[in-house]
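Asks: Please read through the structure below; I'll follow up with questions.
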Amino acid sequence: MSSLHKSRIAEFQDILSEASISLEKLRELCFSGIPFEGGLRCLCWKILLNYLPVERTLWSSVLQKQRELYTQFLKEMIIQPGIAKANLGVSREDVTMEDHPLNPNPDSRWNTYFKDNEVLLQIDKDVRRLYPDMAFFQSMTEYPCLLILDPLNDFETLRKRVEQTTLKSQTVARNRSGVTNVSSPLKTLASNSLNEYEVLPNGCEAHWEVVERILFIYAKLNPGIAYVQGMNEIVGPLYYTFATDPNSEWKKHAEADTFFCFTNLMSEIRDNFIKSLDDSQCGITYKMEKVYSTLKEKDVELYMKLQEQNIKPQFFTFRWLTLLLSQEFLLPDVIRIWDSLFADDNRFDFLLLVCCAMLMLIRDQLLEGDFTLNMRLLQDYPISDVHLILKKAKDLQDSK
C-alpha cells in the first residue's frame, strides 16, 4: 500500500471519527473515490445516502431501529396469507368466513398473494441474471435469513414460492418502457430455468435470493411504482458493496442496510422509472435532453454531428441515466463512479456531465463514423478507464 493511499485512508478515518461529521468535507473526499479498506466505502455510502445521520452517537440506535423494522417487513410480507394467521396466533373464525384461495373479494389476502406473484416472477427472472460474469450473486451468503429459513417456522422462501406458482392467467413481463412480453407462466418458468443454479443445502441461500427479497419488499411497500425492470441493476452494486464489507458486524446486516439505502436512492431517482413523468421537468426525457444541451454548450461540432445523423439522446442516454451507468462498465468501475455520484451535492447533476464526458472522449470516432457505427459505439461504450471519464467530467464541471 502506497504512502499516499495510507494518508488518504487516514483522512477518511479522521473525518469519520468526529462526533458530528462534516458532510461537506466528507463529500469532497468521497468525490475522488473511497477506499475499500476498513469498510470505509460502506460507511460513507450509508451517510451519503442519508441512512446514517452525521451524529455518530445516533448510529447504533438508528441501525437497531431500522434493522428491527426490516425484520418486521420480512414477517409481514414474505409469508403465505393462509399461514399468516396461524403464525400470528389469531383464532380461527367460522370456516365459511375464513379467507381462502378462491375468495373473489379484491381485499382478500389470497387475491393479493396471487397478484404479488406476477411481480415476483419478473423480479426472479431479473435477479437470476444479475452480473452473470461474476460468481458472487450465485454463490452462498455467509448470513442467510434465519427467520425465513428456520425449519421450525412456516415461512416459505420466495424461491419456493416462484417454483410453486401456477398462475392461470398470462404473465406480463413489464419493463421501463411498458408491456413488452406476454407469455404463458409455465413457459416462462421453463425457459427461465429455475434449476439454472446449483440447489443449495437446506438453510442456505444465494446472494441473488437476498436481492430478490429486497426488491419484493420494496415493491410491496411502494405499490405506486412496485417493480420495474432495471431496479435490479440499481440494487446490485449496493448489495455487493455492503455484503463484501470487511467488517463482519456490518456485513451480516447487509440485507437490511441495502434495503434502506436502496429505498433512499430510489426516492431520488424513481421519477426515471415512472413513464407518466417522462416529459415533466423531473422526468427522464428532460434529463436526456439536458445531456445534449450540455454537449452543445461544450462541443457544438459533435452535437451537430449527432443531430445530423438523427441520433437521439433516448437511443443511449436513457439506459445510462436510468441505471446510473451500471450496465456500461464492470462492477468495480460502476462502484467507483457511484462514489462520485453519491458525493454530488446537487444530486446527479454530475451524472449528466459524466455522460457528456463519455461522448466527448470518443468524439473523433463519432465524427468519422456513420449512423450504424456510432450507434454501436454508444450502445457498447469502448472506453473502460473510468478514471479518465471522471477526470473529463470534473474538468467540464470546473469550466462552468
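Asks: How many angstrom separate the Cα center of the range 265-344 from the Cα center of the range 371-389?
Replies: Distance between centres, Cα-based: 14 Å.
Asks: With a ≥ b ≥ c the root eigenvalues of the C-alpha gyration tensor of the range 269-400, is it rounded (a/c under 1.5), prolate (a/b larger than b/c) or oblate? Display every interim value, and only then the final one.
Replies: Numbers: a/c = 1.40, a/b = 1.14, b/c = 1.23.
It is rounded, given that a/c, with a ≥ b ≥ c, falls under 1.5.
Asks: Return the FRET efficiency for the residue pair Leu373, Ile274: r is the Cβ-Cβ distance, R0 is 22 Å, and the value is rounded to the nearest 0.05.
Replies: Rounded to the nearest 0.05, the efficiency is 0.05.
Asks: So who's got an amide H within less than 5 Å of the one on Met140, skipping anything under 5 residues away but keeping other chains? H placed 1.01 Å off N, in plane.
Replies: When sequence neighbours closer than 5 places are left aside, there are no close amide H contacts.
Asks: Let me ask something else. Which sequence of Lys400, Lys251, Lys220 reflects their accessible areas, 1.4 Å probe, from the largest down?
Replies: So the residues, ranked largest to smallest area, are Lys400, Lys220, Lys251.
Asks: Right, next: Determine how large the accessible area of Asp133 is when every protein chain is in place; take a 1.4 Å probe and give Å² rounded to the nearest 10.
Replies: 150 Å²
Asks: Along the range 354-360, what does the Karplus equation 6.51 cos²θ - 1.76 cosθ + 1.60 (θ = phi - 60°) give for ³J(HN,Hα), rounded to whole Hz, x for Gly and Pro?
Replies: In residue order, the calculated couplings are 5, 4, 5, 4, 4, 5, 5 Hz.
The values are calculated or read from the model by the stated rules, or taken from the named source; none is laboratory data. Computed from a prediction, not measured in an experiment: that's the story for all the values here. Positions of Cβ are generated from backbone atoms using ideal geometry, with glycine treated the same way; all protein chains shown enter the neighbour counts. These area figures cover heavy atoms from the full protein model, side chains too; ligands, DNA and RNA do not enter into them. Shrake-Rupley method; radii C 1.70, N 1.55, O 1.52, S 1.80 Å.
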